[in-house]
Structures are given as structure tokens and as C-alpha cells.
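For reference, the structure discussed in these notes is given below.
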2 protein chains.
Amino acid sequence: MNQTKILLDENEIPTHWYNVMADMPSPPAPPLGPDGKPVSPEMLGAIFPPAILEQEMSAERWIPIPDEIRQILCLWRPSPLYRAHRLEAALGTPARIYYKNEGVSPAGSHKPNTAVAQAYYNREAGIRRLTTETGAGQWGSSIALAGQMFGLEVRVYMVKVSYEQKPFRRSMMETWGAEVLASPTDTTRSGRQILAQDPDSPGSLGIAISEAVEEAASRPDTNYALGSVLNHVVLHQTIIGQEVKKQFEKAGDYPDAVFAPCGGGSNFGGVAFPFLADKAAGREVRLVAVEPTSCPTLTRGHYAYDFGDSVGLTPLMLMYTLGHDFVPPGIHAGGLRYHGDSPLVSQLHKEGLIEAVAVPQIATFDAGVQFARAEGIIPAPESCHAIRACIDEALRCKETGEAKTLFFNLSGHGHFDMSSYDKYFRGELEDYEYPEEAINAALDRLPKVG
Amino acid sequence: MNQTKILLDENEIPTHWYNVMADMPSPPAPPLGPDGKPVSPEMLGAIFPPAILEQEMSAERWIPIPDEIRQILCLWRPSPLYRAHRLEAALGTPARIYYKNEGVSPAGSHKPNTAVAQAYYNREAGIRRLTTETGAGQWGSSIALAGQMFGLEVRVYMVKVSYEQKPFRRSMMETWGAEVLASPTDTTRSGRQILAQDPDSPGSLGIAISEAVEEAASRPDTNYALGSVLNHVVLHQTIIGQEVKKQFEKAGDYPDAVFAPCGGGSNFGGVAFPFLADKAAGREVRLVAVEPTSCPTLTRGHYAYDFGDSVGLTPLMLMYTLGHDFVPPGIHAGGLRYHGDSPLVSQLHKEGLIEAVAVPQIATFDAGVQFARAEGIIPAPESCHAIRACIDEALRCKETGEAKTLFFNLSGHGHFDMSSYDKYFRGELEDYEYPEEAINAALDRLPKVG
């Protein structure tokens with residue numbers, strides 16, 4: 001029989017997170033306040049615990065993972081690395097294809113890797129409650145799970161239209177004991193302000209963030225948790241890439257190319273950054289961030305200081321951006337609908353250390369279905385992006401006859417996205433591509449710095 | 001750190017299925033035809049392949065598992081055995097609690113274990129298409145997945161009311177390439193007959209079985225696949241119990257009691273039968289089938305010859321039954337709504353080698369939520385039955401101070417059952433208990449044998 005899965009033992013869960021900031025050619029650009037001056041950690045102390053702020057700024061290469069966090073991660077980690085024998089055969093490619101299945105977490109994606117760490121540090125800091133926002137529900141589920149694991153109350157502001165359309169993600173959060181509110185609510189000033197203008201507001205991620213941050217900032221027992229973009233979030237995800245490297249070692253192989261979906265960047269960074277250290281040491285490995293053509297941040301965005309949220313409440317970050325007021329079309333990979341990107345991922349892209357590619361929606365579902373029929377697992381729409389790019393590369397290998405080793409991260413399963421598959425089968429999905437002028441117009445609306 | 005998961009390597013997937021018929025104190029009672037005479041394998045040859053019929057009747061203790069089947073099982077097996085440290089702590093019990101997670105299969109339950117085997121033997125027999133019925137969709141999904149793995153076309157007759165209420169299970173089957181029809185259809189005589197009487201018929205599992213069997217019997221390239229009850233189905237599930245035994249050996253422990261949900265009996269039999277061999281050799285182990293109080297087949301049913309389906313098309317089987325015309329209330333553990341039970345499980349219960357217990361619906365969801373909050377995984381409503389019985393035993397241990405070793409099978413995850421959790425949280429679930437007269441009345445409606 002062919003070996004299908006490369007497994008690690010629980011005691012092989014990494015003991016440290018890898019901090020790419022220690023190995024970047026140039027130091028990361030600092031976040032700036034409204035006055036154009038670097039933001040101090042203290043300014044963020046109202047919503048984040050000290051340990052998280054320290055990680056956000058740290059230049060240490062290796063940051064130890066507390067055993068209490070590793071103990072919770074044991075509930076599903078290390079996640080398996082698969083050799084995709086059946087997909088290779090279906091494609092008829094000489095390439096060897098591997099994927100890591102992050103869908104094995106209880107919440108169904110990689111998101112709990114950081115949610116657990118964030119909940120732990122907040123509890124250590126004496127915090128009793130966490131607030132967060134969620135759109136599609138992946139992040140809200142993860143923080144609900146993590147809060148339950150560490151005895152924290154969790155309140156999730158869920159974008160109202162998702163609250164109504166995705167009742168199952170809501171039930172999932174409630175099963176883990178979280179309180180889920182349809183945002184905008186009348187419990188915050190931000191929410192009331194929106195409702196005063198439009199009592200039937202369907203909500204938005206921007207509004208939900210405002211509500212969650214406002215509540216956290218105004219209650220000393222309550223902090224806020226963010227699911228991507230920031231350095232500490234990407235840091236927590238580096239257990240993925242570290243595990244992958246160990247698993248390739250066990251398999252006696254090494255990837256020529258690594259593909260991961262990229263929205264806010266924590267999944268891509270978590271997978272790719274541990275490989276960057278190898279690259280710095282002279283090893284050849286392509287690191288490819290895959291994004292939707294409908295939200296082409298890295299491939300077509302501007303490298304500039306911009307807000308992290310859509311209403312302009314956060315510090316300014318130097319990153320690839322389509323403009324903080326960019327509203328991506330309603331594609332089904334909700335986790336990839338973000339106007340900006342992790343500043344770390346952005347800078348490494350700017351410096352040419354990583355690549356980015358954009359793929360259109362329908363082609364990602366083509367790839368997801370082909371994958372599901374070969375390998376069984378039904379992937380999340382976000383993951384379908386990485387699968388598409390990897391299959392494209394495998395097909396190029398078929399033409400050239402190259403037996404390359406390809407890897408992609410299966411960031412999550414699609415069990416809560418079956419309505420998107422339904423639309424795909426009924427031919428109701430659309431592709432979107434932005435004209436050059438629309439992309440350029442965003443330049444004028446970027447905030448002026450200093 | 002405490003060890004959480006006991007893993008096995010792929011090459012430890014069992015090489016043989018365990019056939020409990022070889023070790024039963026008395027030979028199993030044969031299925032009977034309408035004339036009261038034992039049914040010959042030939043009579044079933046129109047819908048089942050020869051290898052399956054041979055397994056159905058075999059007295060061999062060990063039946064080899066072809067490598068091609070094991071290769072597919074590698075996509076998710078061996079499934080992990082968990083030590084439920086956090087659940088133990090939440091209960092404050094001195095008992096050690098273990099569970100096996102069968103929810104890791106692509107279809108989300110143990111069902112693919114037999115679906116893969118059935119698809120394989122059908123392909124080996126030159127069959128090109130499979131038909132089956134599905135209610136909640138667990139079985140239909142599994143056979144869709146398995147058919148795809150072996151290049152067989154699959155047509156699933158899905159009970160119309162489920163087809164409409166559970167579109168996500170339908171999309172899942174379509175993702176794996178199956179054709180899903182809302183039953184009753186106008187493509188079969190059985191379906192047309194029902195529609196003539198009631199054009200708006202919501203369908204039933206009985207009707208869907210009739211349609212699937214009728215089509216399989218009338219097309220030489222097409223066979224039928226069943227997801228529980230029959231001997232070969234239970235046989236294929238014995239890989240679960242065999243893996244559990246190996247995993248307990250690795251953990252240096254052994255269960256005092258084994259709990260598994262029991263509907264048609266293949267999940268319970270698959271888990272428990274490999275332990276029966278130990279029991280026969282003098283080892284103490286309680287084997288407990290857990291069923292709903294609303295469908296109390298083993299605990300309150302009659303041990304008698306009855307039809308396997310509700311319309312009376314199948315051979316007569318000697319089993320515990322509530323009467324083939326018994327319509328269980330619409331509880332959310334759809335997989336446990338069966339009037340009868342596996343003849344093997346039934347006979348072993350009759351002979352006192354296994355136990356059975358019935359638990360009410362709301363208490364099963366209480367247990368499921370308590371489990372999810374401790375261990376993370378959201379269980380299927382069927383699995384919640386085993387969890388309930390196991391928690392009850394753990395709480396008895398707390399009273400007596402006994403440090404027993406308890407095990408339950410987590411037969412599947414609840415990702416496609418979140419609407420049931422929703423109803424639980426909203427207080428909309430009901431408990432059902434049958435009055436003695438209703439149970440006794442079924443006796444008069446059992447078919448006369450011979």
C-alpha cells in the first residue's frame with residue numbers, strides 16, 4: 001500500500017512559535033497613529049493583554065509556547081500531512097502533491113491555532129470576557145471554542161446578514177457557550193449610530209469590528225481578539241509550517257513550491273514563514289500566496305499606509321491595500337474578502353521573497369470539486385484557492401514532465417459552505433475582475449500619512 | 001503534558017474483518033422468505049454481488065480485507081482514540097473516559113467503512129451503478145463518496161422531506177458526483193404508485209428503499225447497497241472495534257464498559273463484537289447498546305421474525321422489533337429511528353452477552369453540549385446517545401468512587417445537525433416514551449411465519 005498520511009505525535013507539536021521578524025532583510029515598518037507617529041504598545045493596552053502586545057513587537061526569533069496552550073492544541077494537532085496519490089493520478093501529473101489538513105480542528109479551520117493562544121494570554125492577564133466580530137463565522141467559532149477552553153465568556157458581533165443566512169455557524173458558537181449578537185446592535189454607541197441612520201442595516205464587518213472594539217475598550221474585564229493581519233496572529237499560525245517541515249522530513253521529501261490561500265495573511269504566513277528561514281539559508285522553495293481575482297490585494301493593490309478596518313479606527317499599517325473603503329464582491333471565500341494584508345506578508349512580497357497569484361472564483365470551485373472527488377475531503381472555498389494554484393502548477397509539470405514536489409495548505413473543510421457548492425453546481429457563481437482604473441482610483445482615497 | 005490521542009499508523013489498519021458468527025454460542029437464525037423457508041443467497045443475487053452474499057452467510061472468523069479497500073480507508077483511518085481528560089475533569093469523576101472519533105471520515109461518520117467495501121465488491125463484480133436510499137443523508141453521502149472512489153455511478157433516492165430540509169447533505173452527495181432524486185420519483189413503479197395516491201407525498205425511508213431496490217433488481221448493471229442491519233455491513237464495521245482494542249493496548253488500559261449508539265446495529269456491532277471474543281475468553285467487559293426511549297427496539301421490542309423494511313418487501317429476519325409498521329417520532333437522531341435491529345445484535349442481546357439501555361432525547365443533547373464544551377468536537381445526535389450513557393456511568397463512578405475505564409464510540413460529528421442543536425437551545429425538543437399497550441399492540445401486527 002502507498003503511504004497516504006504522514007503523522008506526528010502529540011509531543012512533536014512545536015514548542016516555539018517562529019517569529020519571521022527576526023529574519024527579515026529589513027525591519028518591519030511600524031504601525032502609525034493618526035498623527036503619523038509610531039503607535040506605542042500602551043495605546044493598545046485597553047484591548048490586548050501585555051503578552052500579546054509583546055509578541056506583536058518582538059524581535060525574538062523563537063517564542064516559547066506555554067504547555068497549557070499545547071495541551072489544548074493536542075485536541076486536534078498535529079494535523080496530518082497527506083500525499084495526494086489519487087489527485088496526482090486524476091491529473092496524470094508527474095508532480096508529487098502533498099497537503100496539510102487544518103480542517104481537523106473542532107471549528108473546522110486553522111483559526112483556533114491563534115484563538116487558543118489569545119484566550120490563554122487574556123485569561124493569564126485576568127481578563128474574563130472577550131469580544132470579537134465575525135462575518136462568515138470561522139473566526140467567531142474559533143474564539144467561542146477557545147474561550148470555552150479557558151473559561152472566558154465570549155461575545156461575538158456577527159454581521160446581521162450572516163447571522164440570518166448562516167444560522168448553523170451561530171448554533172456552533174452557542175454550542176461552545178458564546179453569546180452571538182446580530183450586528184449592528186443597540187448595545188454599543190457605534191451600533192446605535194448605525195441603526196439611527198438605517199434601522200434595517202444588514203451590518204458589515206467594519207461595523208461589527210467597531211462594536212467589538214468599543215465594548216472591549218470600555219470594560220476593564222473585557223478584551224478584544226482579532227483573527228488575522230496582526231503580527232501575533234501570524235506568529236501563532238507558524239506551528240502549521242513547522243509541522244509541515246517535520247512531516248516532509250519524515251517523508252524524505254521537500255517542497256519546490258508551497259501554496260496557501262491569502263486573505264488577511266495569517267494562514268499563508270503561518271505556513272510559509274517557517275520555510276523562509278530555509279530560503280534565507282539558500283534552499284530553493286517558492287512560497288505562493290493565492291488570492292481571489294475579485295480581491296487582488298497582493299497582485300494588484302498599492303503598497304502604502306492604510307487603515308486595517310473600513311471605517312478608519314485602527315492604526316495605519318504599511319501593507320498592500322485596495323483602499324480601506326474597498327468593498328469586495330460577495331464571493332463565497334468570505335475569509336479572503338479583505339482590502340489589505342498582513343504587513344509582514346506585504347513587506348516580504350514587496351521585497352520579492354514571496355510570490356502572489358490571483359485565481360477566479362469559478363475555477364477555484366472546479367478545483368475544489370476535483371479535489372473532493374479524488375481525495376474525499378470537501379474543502380472550504382478559501383482552501384479551493386490554494387488547490388487551484390497547486391493543480392495549475394501540477395498541470396504545468398505534466399506538460400514539461402517535471403516531477404516537482406508541490407504542497408498546499410488545506411486551511412479548512414467546507415461543511416458550512418455547502419450552499420456555495422450548491423450555487424456552483426447550479427451555475428450561479430460569477431467571476432469578477434477589476435478594471436485598471438478602479439484599482440488606480442483607490443490611490444487617491446488612501447489616507448495621508450503625517 | 002497529558003497524552004490526549006492514541007494514534008495508530010496506517011499499516012495498523014486491520015487486515016481482516018472479524019466475523020462474530022464464528023463465536024456465537026448458537027448459530028444465527030436464517031432469514032426466511034414469504035413461504036417461511038430460509039432465503040437462499042441466489043434470491044438476493046439480483047441486487048448484491050457474490051462476495052457480499054458470501055460474507056452475509058460466512059462462518060469464517062476472519063475475512064481478509066483487500067488492500068484496495070484498505071488503501072481508501074487510509075484517507076482517514078485509523079481514527080484516533082481520545083482520552084477525555086477535560087470531560088473527566090468537568091464531571092469530577094474518578095473514571096477514565098476514552099472515545100474513538102469516527103467523525104474524521106470525509107462523510108463525517110463511520111458509514112464509509114462499509115460503503116467503501118460494498119463499492120469495491122460491486123466494481124469487482126462488474127457492476128457499474130449503485131442505488132440506495134437515504135433519509136438524513138449520512139448513508140447517502142457515504143455511498144456517494146465510496147462510489148466515486150471506485151468509479152461507480154451512484155443514484156440516491158432521498159426522502160423528499162429530507163431532500164427539501166437538508167439541502168447541504170444533498171450538495172455533499174452531488175460534490176462526490178452522485179445523482180440525488182427526491183423520493184417518491186416518477187422513475188420507478190413504486191414511486192409512481194405512491195404519487196398516484198398522493199402527488200404531494202413527503203416520502204419515507206420505506207418508499208425510498210422500494211424505489212432503490214426496484215431499480216437495482218431491474219437493471220443488470222446496477223446493484224443496491226444497504227447501510228446497516230445486515231451481517232456483512234456489521235462485519236465491515238468491525239475494523240472500529242479492532243482498532244480500539246489495539247489503541248487500548250498502546251494506552252496500557254482496557255475498558256470496563258463500552259458504549260455505542262444503536263439504530264440498525266452496525267455501529268454498535270462494529271465496535272462491540274471484537275470485544276465479545278475477549279469476553280468469550282473470560283475477560284470482563286460490559287457491552288452497552290444505547291438507543292432512544294422513543295424507539296426502544298432492544299429494551300422494549302419483541303424478539304420475533306419481522307420484515308426489515310416498512311412495506312414488507314424484504315425477507316423476514318429474527319430480531320428485536322417494534323413492528324415493521326412502527327413509525328418512530330421525528331427525533332433528531334435520524335440514524336436511530338429504525339423499528340428493528342441487526343439480527344446478530346438482537347440474538348446476542350437475547351442471549352445476554354450484550355446489554356441495552358434507552359435514553360431520552362433532551363438528555364442526549366445535554367450530554368452532547370457538555371461534551372462539546374469540554375472536548376471541542378460537536379457530536380452527531382446519534383453519538384450523543386452513547387455520550388449520555390457513558391456520562392451517566394461516569395457519574396455513578398463519582399458516587400461510588402470507582403476508577404473504572406469507560407469507552408464510547410463517537411460515531412460522527414454534528415456539522416450537518418446544527419439545526420437540531422438550535423432547537424435544543426431554543427427549548428423546542430421533546431421527549432417521547434411509549435405506553436406499554438402501544439408496545440404490546442405491535443405483537444398482533446407481526447407477520448405470521450410459515
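Any read-out appearing in this document is the output of simple, stated calculations on the displayed coordinates, not a laboratory observation. It should be emphasised that the depicted structure is a prediction, and the values quoted were computed from it without experimental measurement. Using ideal geometry, Cβ is built from the backbone for each residue, glycine included, and neighbour counts are taken over all protein chains shown.
Would you mind checking the tilt of helix A:231-251 against the longest principal axis of the Cα atoms of chain A, expressed as 0 to 90 degrees and rounded to 10? On a 0 to 90 degree scale, this one is about 20.
Against chain B, whose longest principal axis comes from its Cα atoms, helix B:205-218 is set at around 50 degrees.
Here's the picture: a label point sits 7 Å out from the Cα of B:Glu399 along the beta-carbon direction, and within the range B:80-103 the residues with their amide nitrogen under 17 Å of it are B:91-95. Over every Cα atom in chain B, the radius of gyration and the widest Cα-Cα span, Dmax, amount to 20.6, 65 Å. If you plug the beta carbon distance of B:Val327 and B:Glu164 into 1/(1 + (r/R0)^6) with R0 = 22 Å, you get a FRET efficiency near 0.70. Relative to the longest principal axis of the Cα atoms of chain A, helix A:361-375 runs at roughly 60 degrees. Annotation for B:Arg128, label-to-label distances across the other copies: 6.9 nm (shortest first, one decimal, point 7 Å from Cα along Cα→Cβ). Residues A:Met418, A:Met319, B:Met158, A:Met57 in ascending order of nearby Cβ atoms (within 10 Å, fewest first): A:Met57, A:Met418, B:Met158, A:Met319.
In chain B, what percentage of the DSSP-assigned beta bridges are antiparallel, given to the nearest 5? The antiparallel proportion sits near 35 percent. Quick one: grab the alpha carbon gyration tensor of the range A:68-216, order the square roots of its eigenvalues as a ≥ b ≥ c, and give me rounded if a/c is under 1.5, else prolate or oblate depending on whether a/b is larger than b/c. Here the range A:68-216 falls in the oblate category. Between identical copies, the spacing of A:Ser58 label points, each set 7 Å from Cα toward the C-beta atom, reads 5.6 nm from nearest to farthest. Placing unit charges on the Cβ atoms only, positive for Lys and Arg and negative for Asp and Glu, gives the range A:263-352 a dipole magnitude near 220 debye about its Cα centre.
Overall, chain B carries a charge dipole of about 700 debye about its Cα centre when +1 sits on the Cβ of Lys and Arg and -1 on the Cβ of Asp and Glu, all other atoms neutral. For the range B:93-107, the Karplus equation 6.51 cos²θ - 1.76 cosθ + 1.60, evaluated at θ = phi - 60°, returns couplings of 9, x, 5, 9, 10, 10, 9, 9, 9, 7, x, 6, 5, x, 7 Hz by residue, with Gly and Pro reported as x.
Using C-alpha pairs under 8 Å with a sequence gap of at least 6, the mean separation divided by the residue count of the range A:90-218 gives a relative contact order of 22 percent.
Taken along the Cα-to-beta-carbon direction at a fixed 7 Å, the label points for B:Tyr432 and B:Ala59 span 4.1 nm. Take the Cα of B:Lys448, step 7 Å toward its Cβ, do the same at A:Glu153, and the gap between the two points is 6.9 nm.
Classify the range B:273-404 as rounded, prolate or oblate, taking a ≥ b ≥ c as the square roots of the eigenvalues of its Cα gyration tensor: rounded when a/c is under 1.5, otherwise prolate if a/b is larger than b/c and oblate if not. It is oblate, given that a/c is not under 1.5 and a/b is not larger than b/c. Here the range A:1-114 is treated with +1 on each Lys and Arg Cβ and -1 on each Asp and Glu Cβ, and its dipole about the Cα centre works out to around 660 debye. Anisotropy class assigned to the protein assembly as shown is prolate, per the alpha carbon gyration tensor with a/c at or over the 1.5 cut-off and a/b larger than b/c. Taking amide H atoms as placed 1.01 Å from N in the peptide plane, the amide H of A:Gly308 lies under 5 Å from those of A:Thr314, A:Met317, each 5 or more residues away in sequence or on another chain.
Which of the pairs A:Lys250/B:Lys100; A:Lys5/B:Lys5; A:Lys166/B:Lys166; A:Lys166/B:Lys423 have their Cα atoms more than 18 Å apart in this structure? In this structure, A:Lys250/B:Lys100 lie more than 18 Å apart at Cα.
With both residues required to sit in the protein assembly as shown, DSSP beta bridges show an antiparallel share near 35%.
Bridging of B:Lys448 to lysines at a Cα separation below 28 Å is possible for B:Lys37, B:Lys350, once same-chain residues fewer than 8 apart are set aside. Label points for B:Asp392 are taken 7 Å from Cα along Cα→Cβ. From this copy to the others they lie 5.7 nm apart, shortest first. Among residues of chain B, the one whose Cβ lies closest to the rotation axis carrying chain B onto chain A, together with that distance rounded to whole Å, is B:His415, 2. Amide H contacts for A:Trp17 (H built 1.01 Å from N in the peptide plane; partners 5 or more residues away or on another chain; cut-off under 5 Å): A:Ile63, A:Ile65. Each part gets one Cα centre, and for the range B:178-229 versus the range A:108-176 those centres are 43 Å apart. Put a dot 7 Å past the Cα of B:Ala441, heading toward its Cβ, do the same for A:Asp278, and the two dots end up 7.0 nm apart. Each part gets one Cα centre, and for the range B:238-276 versus the range A:416-450 those centres are 50 Å apart. Between A:Tyr82, A:Ala107, A:Pro199, the Cα set farthest toward the positive side of the dipole of chain A (charges on each charged residue's Cβ, about the Cα centre) is that of A:Tyr82. Evaluating 6.51 cos²θ - 1.76 cosθ + 1.60 at θ = phi - 60° for every residue in the range B:423-432, the Karplus couplings come out as 5, 4, 5, 7, x, 9, 7, 10, 9, 10 Hz, glycine and proline recorded as x. Positive contributions from Lys and Arg (+1) and negative ones from Asp and Glu (-1), summed over other residues with Cβ under 15 Å from the Cβ of B:Glu428, come out at -4. Close amide-amide hydrogen proximity is noted between A:Ala84 and A:Ile97, A:Tyr98, A:Tyr99, each under 5 Å apart and 5 or more residues distant or on a separate chain (H modeled in the peptide plane; Pro and chain starts excluded). Taking trypsin sites (Lys or Arg not before Pro) in DSSP loop conformation with at most 11 other Cβ atoms inside 10 Å as exposed sites, chain B has its longest uninterrupted site-free stretch at B:1-282. Here the 3J(HN,Hα) profile of the range B:173-187, calculated from phi with Karplus coefficients 6.51, -1.76 and 1.60 at θ = phi - 60°, is 4, 5, 4, 8, x, 7, 8, 10, 10, 7, 9, x, 9, 9, 8 Hz, Gly and Pro shown as x.
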